[in-house]
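The structure appears right after this line, and notes come after that.
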Amino acid sequence: MYGTYFLPVTYRSTSETRAPLQAYAHIQGGPLAPGLRGLVWFRDLTYGTEVSVEVTGLPAYTPGGPDRDPIGPHGFHIHQSGNCAVGDPNDPFQGAGGHWNPTNQPHGNHAGDMPNLFSNNGYARMSFFTNKFRVQDIIGKAVIIHQSPDDYRTQPAGDAGKRLACGLIRGR
Ligand SMILES: [Cu+2]
């Protein structure tokens, strides 16, 4: 198969386990998007990582204006701290800290920068490939979904706005 040939999964070298290294994060919306939930999963490939996400309950798209950012598409990142405590309900999930940025890159090239999530009447599903991290590097960190799109330019976080949802990344 085409994908299998070019992007074979990595197998652990121990004899008792042959499962590819994987991790997942259960996504739970906070006070700004209480119905938002879903799953992000990460799978080791030979040259990097496949990231897949499926969520429901995203808020309705709302165009931006001169003094307000659009709601959606949604910034989607790995943040540095595995803390999904809600904290301030008006500015939730600040405990997750900033973007995970182990190589000290400008925003737009952080290891934890990922493509924006596009909602289809609240539902989003996406898979993509990155060679900026391996599964073992991100266990214990957090995935955050933002209210507004990431412009991949504004420092340090792409002007993606408030944090709608959070998920702790766990190995499996
Ligand atoms: Cu973020």
- So is P106 assigned to a loop (DSSP other than H, G, I, E, B), touching a residue at least 40 places away in the same chain (Cβ under 8 Å), under 16 Å from P34 (Cα atoms) and away from the ligand (no atom under 11 Å from the Cβ) or not? no
- Selection within region 79-111 - among the aliphatic types (A, V, I, L, M) and either farther than 14 Å from A142 by Cβ or surrounded by 14 or more Cβ atoms within 10 Å (Cβ to Cβ) (or both): V86, A96, A111
- Task: Answer yes if at least one residue in region 112-129 is over 18 Å from P73 (Cβ atoms), crowded, with 18+ Cβ neighbours inside 10 Å and touching a Lys or Arg at 6+ places or on another chain (Cβ under 8 Å), and no otherwise.
- Result: no
- Query: Quick one: how many residues across region 72-85 are within 15 Å of the ligand (Cβ to nearest atom) and among the aliphatic types (A, V, I, L, M)?
  - Reply: 1
- Does A60 satisfy the criteria of being small (G, A, S) and more than 18 Å from I169 (Cβ to Cβ)? yes
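Within region 65-77, is even one residue among the charged types (D, E, K, R) and within 18 Å of H110 (Cα to Cα)?
Here is the first cut: in region 65-77, the ones among the charged types (D, E, K, R) are 67-69.
Those left that are additionally within 18 Å of H110 (Cα to Cα): none.
Scanning region 65-77, I find no residue that is among the charged types (D, E, K, R) and within 18 Å of H110 (Cα to Cα), so the answer is no.
Of the residues V53, V40, which single one is within 15 Å of the ligand (Cβ to nearest atom), farther than 19 Å from G161 by Cβ and aliphatic (A, V, I, L, M)?
Details: V53 fails: farther than 19 Å from G161 by Cβ.
Result: V40 is the single residue among V53, V40 that is within 15 Å of the ligand (Cβ to nearest atom), farther than 19 Å from G161 by Cβ and aliphatic (A, V, I, L, M).
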- Message: Can you pull out every residue in region 9-19 that is surrounded by fewer than 16 Cβ atoms within 10 Å (Cβ to Cβ) and either modelled with pLDDT of 95 or more or in contact with a Leu (Cβ under 8 Å, 6 or more places away or on another chain) (or both)?
- Response: V9, R12
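Residues that are more than 12 Å from the ligand (Cβ to nearest atom), more than 22 Å from N83 (Cα to Cα) and under 13 Å from the mean Cα position of the chain (by Cα): list the strands (runs of 3 or more DSSP E) wholly contained in region 117-171 that include at least 3 such residues. Quick ask: steps written out before the conclusion?
Values: elements: 124-130, 142-146, 163-171.
Those strands (runs of 3 or more DSSP E) span 124-130.
The values are calculated or read from the model by the stated rules, or taken from the named source; none is laboratory data. Here the structure is a predicted model, which means the values were calculated and not measured. Note: ideal-geometry Cβ built from the backbone for every residue, glycine included; neighbour counts use all protein chains shown.
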